[in-house]
Every structure is written in structure tokens, then in C-alpha cells.
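For reference, the structure is listed below as C-alpha cells.
The values are calculated or read from the model by the stated rules, or taken from the named source; none is laboratory data. Given the structure is predicted, the values throughout are model-derived calculations rather than measurements. Cβ: placed from backbone, ideal geometry, glycine included. Neighbour counts: every protein chain shown.
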Amino acid sequence: MKGLRIGLTLRVVAVIVVLGLAVFPLYWMFVTALTSNADLFGQDARLIPDFSQFGVFVDALADGKATGWLLNSLTIAAGTTVLSIGLGIPLGYALSRFRFRGKAVMTIVLLFTQMLPEALMVVPLFALFRRFELLDSLTGLVLANSAFVLPIVALILKGAIDGIPNELDEAGRVDGARPFTVLTRINIPLIAPSIAASAVIAFFHAWNEYVFAVTFIFNPEIQPASVGIANFIGELGTPIQTVMAVAFMFTLPAVVFYLFVQRYVVAGMTAGAVKG
Amino acid sequence: MTVVEQQTRAPGSVSRRRRGRRRPSPQGSRWTPYLFLAPAALFILVFQAVPLAQEIFLSFTRTTLLNPTESTWVGLDNFVRIFGDEDFHRTLRTTVVYVIACVVGAVGAGLAVALLLNRSFRGRGWARALVTVPWAAPGIAVALIATWMLNPQYGIVNRFLDAIGLGVPGGAILDSPRYALPAILATTIWQLFPFTSVVLLSALQSVPKDLTEAAMVDGAGPWSAFRAVTWPVIRPTVGLLALLMTIWSLRRFELIWLMTKGGPVGATETLVIDLYSQAFDSKELGSAAAIGMVGVVISLIVIAGSRFVARAAEKEDTR
């Protein structure tokens, strides 16, 4: 009995340690944002947030620079979501419901592209965008990000459509519906949760993306938050509290959304998709 | 590549998928599937296939970033040069160490956490959700907070290490050839373990509980019960995760780039970091492309190898 109790205590301690490790860095980001200079550079570290410093969040937003970054990120992420879902649904549908020449090749291509590093593709895409005047434009980033997230989205949606009994499609066809109508009226409503999950994946893939953004965008006006925040690293001009406040506002939406859809995301990721 | 597809099927979806496959429904004309496929295929062709082909071409040329439209064909020169270069050997070694440590660390930590969270206790739902936080955090934010936590003067990590008497002299962990890679590895594994543990947690759901209990009643210790009952069930998932972690780690860029740029003196320079600095610092697009191809070939070898191992394991099981 005694051994059992010790084992139980150990397990509780272990769970608390693991959760502490998981959450601490983001907590620390929040605490650092809310720490006065005196505490920050003093002898002992302050371990709890000082809410009298909350103005740092307000100032960071009022300054306009960070707000602009976040809006640019929002635009890129929204565009990427719409484009990759718009292309991914018909692709997933074709892969799930039809038998055709080249299907195996297409599937292999979708899996293969996921091992290509962005850092490798950034050079040829740079050349391509220069020719079509897509450098220094949010459109260019939307296209590049969509190309990288589309395979994941398509494979998740294919898996979702696979899960719908074919009888439903047949019933629709008996009623005279054409394939496109079957897709929009029967399949899409049924895979709505998977569409939502892949939308979250696509959105935050673009929200977090850095390599393309830092290489393709020169105009600071249209720079997304990932680049703006990365530029803070090693830079000494901005107060660290402001840096952490901006970074926290950038991080929080991603974490909150993932918590809501994490079950779908993990299922989708393991169901034939690979994220980088 | 099919191994990825085969192994990655969520356990529950297998039967439904089979049903879908057994009854393919040729609807519309034979061109219908291509109509649905065409926009996405065209998109992937333009933004993935063509750029990749260009990159393969570049790897056989001398091309500088300053004048990227002018390439001189040099055959295998780039490959001969990088493989003769001591620095590249170091990059390869660093890459191998980084990838193996990521795989072992992320899968090991993930398995430990999954086993820990697999018991039912109050607040388990919360614990499962909170544990995924690192995975959800953007890489940029992770690099930023890690750099701040490792700050030589004010970083909490140094304050903590000093307090327990393990402080690094000078505290400059990311500037130390000895400690930079371990620090980057710790950050990477911190970000990856939620993914591996959530996936393994769902694999553990299909371990028969009464079988584990029966083994324990029969006098098996927790370790032998794990090996006899749990391990065979989760082994394919562990294999898949190891493959995923390998591929992801071979292409991971921003975390390393933002924390150390591959330094100090190349101590954290993986293939992808080397490729990026060749292209944008040295402006040598040809050697950059060649380094990239080495990475792609390594990924392909790993995938082929894992497929071989998976097949061998399957044969072992059916014997």
C-alpha cells in the first residue's frame, strides 16, 4: 500500500513538472513583458507578472508598427487559407472518389513535396517571383505559402471524404446531381470539421512562416509579424518588454486555436500528412 | 513514399477507407477527375515542380546571386567541391547528430509523457491540452523566448544554473561551441514532444487494458508488461514518428537560423543552414543547390530505409 502511495505521488509530481516545462517559456514571455526595468535587471529574477506594467501591451498596439505587422500576417494567412482550401477540396475529392491515370503519381508528389525545405525552394521561387513582379507583395507570399500547405490540406480532406459512405454520393447521383453538385451539396457539409481543421493548419502555417517573408519582402510597410519579431532577436534598440508583448500577442492566437482543434489537427497530421 | 501513406492511416479510418476503395464510382466522363484535379496540379507544378527542377539544374552550374540568370554548366564540380570540403564534412556530422538527437529525444520524451498521461486522473483533459502548447507556438516566438531565456546576463536559465551551481562560465550558452547545439536541441525537442506524445497517447488507447493487467497479475513487472503487451501495439507508431521527426529535422530552418545562424564556428550548422548561407551570404547558388540536393537524397534514403525496415518487421510478425 505504501509503495502504491509513493508511486502515485511521484506520478503527480511528474505530471506537474512536465506541464510546467511545457508552459513555462510562454509564461516567461508574458512575465517578461510585464516586468519593470528595475526588476528585469535586478539581482533576483521576478517570477510573477507585475500587472502595473500592463501599459506595455497598450503602447505596443498604439504604436501602430506592431499592429501593421499583425494585420499583414492576418492578410497573408487569410489569403493562404482561402486559396489552399479552395484548391485542396477538389483535389481531395478527385483523389478520394475517382480512379484515374496518374492518381498514384499525384499522391506520391503530395507526399514528396513535404520533404522539400522552404530554404531550398526560396531561390527558384525568388527568381520566379521576380519575373512576374510578385516580389515585395503579399500576393507572392500567399502563393508560396499555399504551395507548401496545399499537399497537407489535400491529404487531410481526402482522408475526410474517404470517411463518407459512397452510398450518399450514389443517392445524390440517382437524384440527378452532377459530380460538382455531389461535392458541394453532399461531401462538403459532411467534412466541415476537417475543413475547419485544415483551415486552421493553413492559416497558422502562413501566420508563422518566416523564410519566404524575410526573403521576398523588402518594404517594411508590408512586412508580416514573423519577420518583425525575428528582427528583434539580437537587436537592442527596442525595450525587451515591448518585444515580448508583441511576441505574446503573435503567439496567443496560434496557441488558442490549436487547443480548440488539436484533436482534428493531430488526426489529420498522422493521416497521411507531414508538417515541417 | 508509400510507406508514409500506409503507416500514417489513423487506425479507425482503415475499414471506411477500404470500403471507399472497393467501390470506386466512375461518375461523369473520364475527364471529370482531371477537372477537379487540374487547378491544384497546375499550382503544384508551377510553385513546386518547376522550382525544384530549376534547383536541380542549378546544382550542376556555377551561378551567383548577383547575376542569377547567367549559369555556367560545370557538371559535378559543385558536388566534388563540397564533398572535398572539411567544413561540409562538419556540416554533415552536425546534421546527423542533430537529427538523431531530435528523433531519440522527441520520441523518447513523447513516449514518457504519453505513458504518464495514459492513466486516468482528475484534470487529465486539461493536462493533455496544456502539454500541446509548445507544439502550437510559432517557431519565431520560440526562437525569441529561447534566446531571451539563454541571455548571458539576465536569462532565467543562467540565473537558475548559477543558483544550483552548474552555471556556464560567462553564461554565453549560444556562443559556446560546446553548449550551443545542446541548447538548440533542447529547444527543438521542447517544441516537438507534444506532437509525439499526443500521437503516442492515441496509439496507447488501442493497447488492451485487461491484457496489461493480466500480465501484471501473472507477476510481470511494469517493464516486462510494457515490452510484451504495450510495445508491439505502439511499435508501428513509434516507427512512423521516428520517420517524421527525421524528415522534419532535416528541413528545420528558422529555429536554428534565428538562434545561432549555424554558429559559433559552424557548431550548429545543419545542411539547410549551410544551404541558406551559401545562397544568401556567399551568393553561390550552385553550391547551395548542390547542398540542398544532398539533403533531399538523404531524406529519400531515410524514407526508403524505413520502408525496408517496416517490411522486415512485418515479415517477422507473420512468421
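Some observations on this one:
- Filter result for residue A:18 (surrounded by fewer than 12 Cβ atoms within 10 Å (Cβ to Cβ) and more than 21 Å from residue B:152 (Cβ to Cβ)): no
- The single condition from (1) modelled with pLDDT of 90 or more; (2) small (Gly, Ala, Ser); (3) within 20 Å of residue B:145 (Cα to Cα) that residue A:202 fails is (3).
- Single residue of A:177, A:154, A:197 found to be assigned to a helix (DSSP H, G or I) and either over 22 Å from residue B:40 (Cα atoms) or more than 8 Å from every other protein chain (Cβ to nearest Cβ) (or both): A:197
- Where a residue in segment A:87-110 is farther than 16 Å from residue B:31 by Cα and within 8 Å of chain B (Cβ to nearest Cβ) and its partner, wherever it lies, is of a type in the set (Ser, Thr, Tyr) and surrounded by fewer than 20 Cβ atoms within 10 Å (Cβ to Cβ), with Cβ under 8 Å and at least six apart: A:108/B:2
- Residue A:76 being closer than 27 Å to residue A:169 by Cα and touching a helix residue (DSSP H, G or I) at 6+ places or on another chain (Cβ under 9 Å): no
- Complete set of residues in segment A:51-81 that are within 21 Å of the chain's Cα centre (by Cα) and loosely packed, with under 15 Cβ neighbours inside 10 Å: A:71
- Odd one out for residue A:67 among (1) more than 28 Å from residue B:152 (Cβ to Cβ); (2) hydroxyl-bearing (Ser, Thr, Tyr); (3) in a loop (DSSP other than H, G, I, E, B): (3)
- Every pair of residues 6+ apart whose Cβ atoms lie under 6 Å, when the first sits in segment B:149-170 and is free of Cβ contacts under 8 Å to residues at least 12 places away in the same chain while the second is of a type in the set (Gly, Ala, Ser): B:149/B:155; B:156/A:45; B:159/A:45; B:161/B:167
- Selection count, segment B:254-269, where residues are within 10 Å of chain A (Cβ to nearest Cβ) and more than 23 Å from residue A:229 (Cα to Cα): 0
- Checking residue A:170 against (1) within 9 Å of chain B (Cβ to nearest Cβ); (2) part of a helix (DSSP H, G or I); (3) within 26 Å of the chain's Cα centre (by Cα), the condition it does not meet: (3)
- For segment B:235-253, a tally of residues being at the interface with another protein chain (Cβ under 10 Å from one of its Cβ atoms) and either in contact with a Leu (Cβ under 8 Å, 6 or more places away or on another chain) or closer than 19 Å to residue B:202 by Cβ (or both) returns 8.
- Test set (1) in a helix (DSSP H, G or I); (2) small (Gly, Ala, Ser); (3) surrounded by fewer than 21 Cβ atoms within 10 Å (Cβ to Cβ) - residue A:45 fails condition number: (1)
- The requirement of being over 30 Å from residue A:101 (Cα atoms) and either more than 9 Å from chain A (Cβ to nearest Cβ) or of a type in the set (Phe, Trp, Tyr) (or both) is satisfied by residue B:88.
- A count restricted to segment A:200-237 and to residues that are farther than 23 Å from residue A:261 by Cβ and either more than 9 Å from chain B (Cβ to nearest Cβ) or outside any loop (DSSP other than H, G, I, E, B) (or both) stands at 22.
- Counting only helices (runs of 4 or more DSSP H) wholly contained in segment B:1-76, the ones carrying 3 or more residues that are at pLDDT 65 or above and under 24 Å from the mean Cα position of the chain (by Cα) occupy B:50-58.
- Candidates B:91, B:147, B:132 - the one that is crowded, with 19+ Cβ neighbours inside 10 Å, more than 27 Å from residue A:205 (Cβ to Cβ) and under 25 Å from the mean Cα position of the chain (by Cα): B:91
- From the list A:137, A:146, the lone residue that is among the polar types (S, T, N, Q) and either at the interface with chain B (Cβ under 7 Å from one of its Cβ atoms) or surrounded by 22 or more Cβ atoms within 10 Å (Cβ to Cβ) (or both) is A:146.
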